[in-house]
Ligand SMILES: [Mg+2]
């Protein structure tokens, strides 16, 4: 039996803006395009009371709530906080699957503590270290954990124990199930189904005939079943690309060209896997006599200038020796500890 925790930060972007601008406490705040044509990415609870929602055009939000304070998006800051939060997760389990900057599944089946106790502790740590609140769902699978984290929002949690699943599902409305959107809800309504209990009245065959593959999924989901595993990557401390030359290279300009290519490859992988928490940049050279040197510079920008500086530094240490291997990379970290974030 698995124990999965789904953690979801409470109106993440807006909460960060309020944290960083205390004069906004208690006011309706939205984050998003400041021009009349933009859309809201997030609204805090004060703004939601007026009906403001994420993805809503700004002009509409302003109509609903003329007092709405609109803050520009600061992705750099949100990313930074996200990496702080993921560092906290990494203290409890390596099995973390981020869904976005502010949401993740944690598999804590192997931990001695109860899922509930862990979730409480993780939320407390998040609050202490970032000044932000999070909500959590604890359940035997991903689908239920995600439903549960939404239940006592904001700043709350709900555990669905294995023995609670049947009872919990019976009372659940079908639109709470993953994979049932507005359209799905309407389709189910046409066959007289609004709750999972009613959906459970249909056989697998009936659902498959009516809805195809989706019907088979519904059959499992309305019973609270979900076998999907938490997808994670090993804790990653660094990422680098290397090139060994067939003939030793004694030309700095040439090395610079190769480095540019390697740097782009590293950057691409960091972005593709949305790895967070780049702590420093690294250039490694191995010389003709097999001695090697590593130049490292703190910072998270993978810009050409920084890497050129590092290459110059490493190159100068060789005192004119030619180079047989060039390595280019980044190290991950933060908060005095190694973060995984290879995600
Ligand atoms: Mg959230």
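Please enumerate the residues belonging to segment 17-36 that are away from the ligand (no atom under 14 Å from the Cβ) and either closer than 30 Å to residue 141 by Cβ or part of a strand (DSSP E or B) (or both). Within segment 17-36, 29, 30, 32 meet the criteria.
Of all residues in segment 136-166, those being assigned to a strand (DSSP E or B), under 19 Å from the mean Cα position of the chain (by Cα) and farther than 28 Å from residue 77 by Cα number 1.
When 14, 55 are screened for being assigned by TED's automatic domain parsing to the domain that holds residue 105, without any contact (Cβ under 8 Å) to a residue 40 or more places away in the chain, under 29 Å from residue 231 (Cα atoms) and within 14 Å of the ligand (Cβ to nearest atom), only 55 passes. Kindly indicate which of 79, 86 is part of a helix (DSSP H, G or I), within 16 Å of the ligand (Cβ to nearest atom), crowded, with 17+ Cβ neighbours inside 10 Å and modelled with pLDDT under 95. Checking each option against the conditions leaves just 86. When residues in segment 119-135 are screened for being assigned to a helix (DSSP H, G or I), under 19 Å from the mean Cα position of the chain (by Cα) and either over 16 Å from residue 84 (Cα atoms) or within 16 Å of the ligand (Cβ to nearest atom) (or both), 6 of them pass.
Residue 2 falls short on exactly one of the conditions (1) crowded, with 22+ Cβ neighbours inside 10 Å; (2) touching a residue at least 60 places away in the same chain (Cβ under 8 Å), and that condition is (1).
Quick grid of which residues meet (1) modelled with pLDDT under 95; (2) out of contact with any helix residue (DSSP H, G or I) (no Cβ under 7 Å at 6 or more places or on another chain); (3) surrounded by 15 or more Cβ atoms within 10 Å (Cβ to Cβ):
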| site | (1), (2), (3) |
| --- | --- |
| 179 | yes, no, no |
| 182 | yes, yes, no |
| 196 | no, no, yes |
| 209 | no, yes, no |
| 236 | yes, yes, yes |
| 242 | yes, yes, no |
| 245 | yes, yes, yes |
| 248 | yes, yes, no |
| 264 | yes, yes, no |
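Only one entry of 193, 174 meets the criterion of being in contact with a strand residue (DSSP E or B) (Cβ under 7 Å, 6 or more places away or on another chain) and more than 16 Å from the ligand (Cβ to nearest atom), and that entry is 174. Of the residues examined, residue 94 is not one that is more than 15 Å from the ligand (Cβ to nearest atom), more than 30 Å from residue 187 (Cβ to Cβ), modelled with pLDDT of 95 or more and surrounded by fewer than 23 Cβ atoms within 10 Å (Cβ to Cβ). Residues being more than 27 Å from residue 277 (Cα to Cα), buried (at least 18 other Cβ atoms within 10 Å of the Cβ) and modelled with pLDDT of 95 or more are represented in segment 22-45 by at least one member. Considering 67, 103, the condition of being away from the ligand (no atom under 16 Å from the Cβ) and either surrounded by fewer than 21 Cβ atoms within 10 Å (Cβ to Cβ) or over 19 Å from residue 144 (Cα atoms) (or both) is satisfied by 67 alone. The condition of being over 27 Å from residue 17 (Cβ atoms), in contact with a helix residue (DSSP H, G or I) (Cβ under 7 Å, 6 or more places away or on another chain) and surrounded by fewer than 18 Cβ atoms within 10 Å (Cβ to Cβ) holds for only one of 111, 161, 173, that being 111.
The values are calculated or read from the model by the stated rules, or taken from the named source; none is laboratory data. Every value quoted in this text rests on a predicted model; they were computed, and no experiment measured them. So basically every Cβ, Gly included, is an ideal-geometry build from the backbone, and we count neighbours across all protein chains shown.
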